[in-house]
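Worksheet for the structure shown next.
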Amino acid sequence: MQLIRMAGATAAALALFAGTAGAQALKFTPGEDARFSWDSYEAFADSHDLSGQILDISGVWIGPDKDLVESVLAYFEAATGARVRYSGSDSFEQDIVIAAQAGSAPNIAVFPQPGLAADMARRGFLTPLGPETADWVRENYAAGDSWVDLGTYADEGGTEALYGFFYKVDVKSLVWYAPDAFAEAGYEIPGTLEDLKALTERIADDGGTPWCIGLGSGAATGWPATDWVEDLMLRREPPETYDAWVSHQIPFDDPAVVGAIEAYGWFARNDAFVEGGSQAVATTDFRESPAGLFSFPPGCYMHRQASFIDTYFPAGTEIGLDVDFFYFPASAERDLGTPVLGAGTLWAITRDSEAAHAFIDFLKTPIAHEVWMAQSGFLTPFTGASPEAYATDSMRAQGEILTSATTFRFDGSDLMPGEVGADAFWKGMVDYTTGRKDAETAAHDIEQRWSSIR
Amino acid sequence: MSPLLQGMVTILIGVGGCVGYFYAANLLLDRVIFPPSGRDPGRNISRANAVRPWLFLAPAMAALGLYLVYPVVGSFWRSLYNRDGGSFIGLGNYTDLAADPAFRTALFNNLLWVLVVPAASTFLGLIAAQLTDRIRWGNIAKSMIFMPMAISFVGASLIWKFVYANEADIGLINAIRAGLGFQDPIDVIQIPFWNTFFLMAILIWIQTGFAMVILSAALRGIPDETIEAAILDGANPFQIFFRVMVPQITGTIVVVWTTITILVLKVFDIVYTMTGGNFGTQILPSYMMSYMFKDDGRATAVAFVIMLIVLPVMVWNILQARKEMR
């Protein structure tokens with residue numbers, strides 16, 4: 001018994017230490033670097049005093065990501081005097097539901113995707129952020145309406161309100177290419193989807209291979225193709241159709257969806273357009289698929305993938321020099337603006353308190369964005385944040401794609417029910433890519449799976 | 001607390017707790033509830049002896065009930081509800097499964113797995129056991145064959161991914177094809193129907209060692225007199241092996257066979273890592289995985305179907321194993 005009590009005491013002491021570790025020194029000294037909007041920090045500090053209050057935040061970030069988020073939270077602590085306790089968990093999505101049911105939810109939860117947040121709002125676990133926050137997002141975020149819509153859910157009674165504040169966003173609509181290979185062959189960065197197709201044909205005619213595509217990802221094989229289809233959907237159909245598709249208001253085998261799948265097939269099912277031929281696409285690991293960009297002569301000229309893919313580039317690759325990216329261009333024929341596909345984390349209040357609302361106000365200050373922009377892995381659609389704060393040129397260029405977007409849509413497969421978005425859709429795209437099924441059959445089979453949900 | 005310290009504390013509490021429970025429960029029974037004193041000490045002693053086995057069995061029975069019986073009943077109950085678990089739909093999940101072509105593919109593939117893998121593993125294991133028994137370097141050969149047993153299914157799949165790789169520079173099969181003069185590499189994982197057999201080869205590779213070790217022990221247990229008698233009667237080596245030795249170890253063969261069958265019905269790792277269920281290689285456990293934590297009603301229904309298939313094999317296995325022990 002003595003032993004158990006001792007172990008318990010040690011654990012408690014350790015937990016205490018972990019709690020205070022959040023109070024770290026500020027990464028950038030206020031007032032020193034002109035890239036940052038320090039006046040917004042000082043104005044926020046002057047108008048908020050939360051001394052003695054404690055703010056609990058839970059999220060998915062652990063390890064180095066935890067240090068990054070805590071470096072931002074430190075500014076909130078310094079400005080208000082409140083203490084912030086961040087805890088990260090890789091099983092956040094299960095933990096937060098259990099905590100909310102048990103009445104021990106943190107003040108603020110950071111959701112990795114809107115589906116779970118919508119579910120929690122419906123069950124009455126979230127606190128609305130208020131119309132003034134909705135107006136703020138609408139005005140200050142590029143494609144503001146998209147962000148408000150993504151954070152707006154119905155509560156138990158069916159009343160809709162803004163619950164989620166998007167902060168930290170990823171861009172998926174990127175095409176990676178090797179600038180040297182482009183320069184040598186005299187290719188130019190396409191400005192429209194039509195130009196992109198023309199370039200694809202031209203590269204093939206010149207005897208090169210335009211694309212590297214790899215769907216392999218173990219049990220998740222097929223997901224890169226779903227990003228392709230979603231991106232093409234946004235370039236062929238208005239965002240309302242995309243929303244209707246993702247929320248199953250139109251069937252999965254609707255002609256609009258089949259059209260988008262076939263548009264993807266135009267690229268991936270042509271043996272002359274993809275490295276290794278279309279059969280290899282299904283089994284090539286997505287992590288290895290960009291390798292063709294770096295070989296000589298080029299194995300391929302272009303690779304469509306989200307911003308995180310740079311992790312899998314060969315060691316020492318310099319973005320902007322060895323490899324660069326451009327925006328997956330919008331269609332010139334269809335007047336749909338510049339849509340961007342991506343993902344992001346949304347922050348919601350799971351236990352109401354003065355500090356929680358103050359924290360949401362803090363996220364509206366440019367400095368809250370700039371501190372993370374100046375480090376790594378952070379993009380923001382907030383037009384008030386200074387782009388100079390980005391740590392690298394490539395982050396700045398991606399941020400620019402985000403701030404010049406007219407429409408932002410969340411990765412659709414993440415919003416569909418798991419057995420569709422994270423299984424049937426993947427497998428259907430593999431069957432379509434390898435030619436086992438045509439687009440209509442593949443879409444029809446996915447629809448069957450979706451409509452059989454009880 | 002460091003994981004090492006945590007582990008040691010857990011072991012101490014666990015082992016100490018067990019010892020403490022048995023000691024304290026025994027003490028309580030002998031000293032307090034049925035003390036061997038008072039008016040009728042003899043009756044108390046026999047009463048205590050009647051209760052004692054149950055006392056000692058209680059923790060195991062509680063644990064089995066909690067972790068085995070309750071989940072089975074609970075899973076079946078859950079499979080009668082819809083996706084959210086909110087409304088009762090009777091056997092709706094089961095009828096949906098029957099109507100799903102993907103489920104039928106998985107069922108058919110699973111049938112192939114159950115037929116081929118135990119048979120091939122047991123047969124190859126038996127041959128290996130017999131052939132390695134009489135030669136000098138037999139033990140080395142045995143350890144080589146047994147070694148894959150020590151590799152996890154996922155690890156083995158990763159190794160075989162290289163064997164099957166779609167490039168002659170990496171993949172063994174394509175290297176042989178290239179050596180024979182074929183130009184284009186083939187992706188064996190994508191060949192319809194036969195790709196399932198290429199996946200089975202991985203499990204056979206792992207399980208042959210297991211069959212070999214058990215059967216080798218059984219072969220050594222055969223009385224030499226029977227073999228000597230067969231030799232005197234003029235039987236050839238094949239006759240000795242198939243007519244004299246194998247019939248004497250049938251019981252062990254059945255146990256090995258059924259044990260591997262049960263394993264086959266729960267291994268999802270190989271399909272999961274090699275193909276993710278694509279290219280028509282889906283089997284029931286990996287099909288279940290695609291619903292798990294998404295539609296738990298459907299997933300538990302698949303789990304229950306798997307259990308129904310395993311059950312008769314398991315009963316046969318236990319019956320045979322008991323017969324062996326007698």
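The values are calculated or read from the model by the stated rules, or taken from the named source; none is laboratory data. Note that the structure is a prediction, hence the values are computed from the model and not measured. Don't worry about glycine lacking a Cβ; one is built from the backbone with ideal geometry, like all the others, and counts go over all protein chains shown.
The set of residues from the stretch A:311-331 being acidic (Asp, Glu) and touching a residue at least 12 places away in the same chain (Cβ under 8 Å) comprises A:ASP322, A:ASP324. Of B:GLY65, B:GLY7, B:GLY20, B:GLY16, all but one fail to be of a type outside the set (A, V, I, L, M), at pLDDT 90 or above and under 30 Å from B:GLY297 (Cβ atoms); the exception is B:GLY65. For the stretch A:153-178, the candidate set comprises residues that are loosely packed, with under 15 Cβ neighbours inside 10 Å and either in contact with a helix residue (DSSP H, G or I) (Cβ under 8 Å, 6 or more places away or on another chain) or not assigned by TED's automatic domain parsing to the domain that holds A:GLY130 (or both); within that set, the residue that is farthest from A:PHE378 (Cα to Cα) is A:GLU156. For the subset of the stretch A:25-77 comprising residues that are among the polar types (S, T, N, Q) and surrounded by 15 or more Cβ atoms within 10 Å (Cβ to Cβ), which member is nearest to A:GLN375 (Cα to Cα)? Going through the qualifying residues, I end up with A:SER71. Could you please let me know if B:LEU107 is in contact with a Leu (Cβ under 9 Å, 6 or more places away or on another chain), more than 14 Å from chain A (Cβ to nearest Cβ) and closer than 28 Å to B:ALA303 by Cβ? The answer is yes for B:LEU107. Kindly evaluate A:THR200 against the criterion of being outside any helix (DSSP H, G or I), among the β-branched types (Val, Ile, Thr) and over 18 Å from A:PHE425 (Cα atoms). The answer is no for A:THR200.
From B:PHE162, B:PHE76, which residue is surrounded by fewer than 17 Cβ atoms within 10 Å (Cβ to Cβ) and touching a residue at least 40 places away in the same chain (Cβ under 8 Å)? Exactly one of B:PHE162, B:PHE76 is surrounded by fewer than 17 Cβ atoms within 10 Å (Cβ to Cβ) and touching a residue at least 40 places away in the same chain (Cβ under 8 Å), namely B:PHE76. Counting residues in the stretch A:2-21 that are at pLDDT 85 or above and among the charged types (D, E, K, R) gives zero.
The sole residue among A:ALA220, A:ALA225 that is surrounded by 23 or more Cβ atoms within 10 Å (Cβ to Cβ) and within 14 Å of chain B (Cβ to nearest Cβ) is A:ALA225. When A:THR407, A:THR403, A:THR380 are checked against the criterion of being hydroxyl-bearing (Ser, Thr, Tyr) and farther than 30 Å from A:GLY31 by Cα, a single residue qualifies: A:THR407. Taken over the stretch B:84-110, the criterion of being of a type in the set (A, V, I, L, M, F, W, C) and out of contact with any strand residue (DSSP E or B) (no Cβ under 8 Å at 6 or more places or on another chain) is satisfied by B:LEU91, B:LEU97, B:ALA98, B:ALA99, B:ALA102, B:PHE103, B:ALA106, B:LEU107, B:PHE108. Looking only at residues that are within 11 Å of another protein chain (Cβ to nearest Cβ) and surrounded by fewer than 23 Cβ atoms within 10 Å (Cβ to Cβ) in the stretch B:253-284, which one is nearest to A:GLY216 (Cα to Cα)? For the stretch B:253-284, the residue satisfying everything is B:THR273. Taking A:GLY214 as the residue in question, decide whether it is closer than 23 Å to A:PRO314 by Cβ, in contact (Cβ under 8 Å) with a residue 40 or more places away in the chain, within 14 Å of another protein chain (Cβ to nearest Cβ) and surrounded by 15 or more Cβ atoms within 10 Å (Cβ to Cβ). For A:GLY214, the condition - closer than 23 Å to A:PRO314 by Cβ, in contact (Cβ under 8 Å) with a residue 40 or more places away in the chain, within 14 Å of another protein chain (Cβ to nearest Cβ) and surrounded by 15 or more Cβ atoms within 10 Å (Cβ to Cβ) - is met. Of all residue pairs spaced 6 or more apart or on separate chains, those with beta-carbon atoms under 9 Å, a first member in the stretch A:391-419 that is away from chain B (no Cβ under 14 Å) and farther than 17 Å from A:LEU232 by Cα and a second member that is in a helix (DSSP H, G or I) and of a type in the set (S, T, N, Q) are A:SER394/A:SER307; A:MET395/A:SER307; A:GLN398/A:SER307. Residues in the stretch B:136-157 that are farther than 16 Å from B:ALA201 by Cβ, surrounded by 14 or more Cβ atoms within 10 Å (Cβ to Cβ) and of a type in the set (Gly, Ala, Ser): B:GLY138, B:ALA141. Residues in the stretch B:285-306 that are more than 9 Å from chain A (Cβ to nearest Cβ) and within 22 Å of A:THR283 (Cα to Cα) were compared, and the one that is nearest to the chain's Cα centre (by Cα) is B:PRO285. Scan the stretch B:224-258 for residues that are of a type outside the set (Lys, Arg) and in contact with a helix residue (DSSP H, G or I) (Cβ under 8 Å, 6 or more places away or on another chain) and the total you get is 21. Of all positions in the stretch B:108-124, none carries a residue that is of a type in the set (Val, Ile, Thr), surrounded by fewer than 17 Cβ atoms within 10 Å (Cβ to Cβ) and assigned by TED's automatic domain parsing to the domain that holds B:ILE249. Scoring A:ARG269 on the criteria (1) more than 30 Å from B:ASP269 (Cα to Cα); (2) surrounded by fewer than 23 Cβ atoms within 10 Å (Cβ to Cβ); (3) more than 14 Å from every other protein chain (Cβ to nearest Cβ) leaves a single failure, condition (1). Residues in the stretch A:396-446 that are outside the structural domain of A:PHE166 (by TED's automatic domain parsing), of a type in the set (A, V, I, L, M) and not in a loop (DSSP other than H, G, I, E, B): A:LEU415, A:VAL420, A:ALA422, A:ALA424, A:MET429, A:VAL430, A:ALA439, A:ALA442, A:ALA443, A:ILE446.
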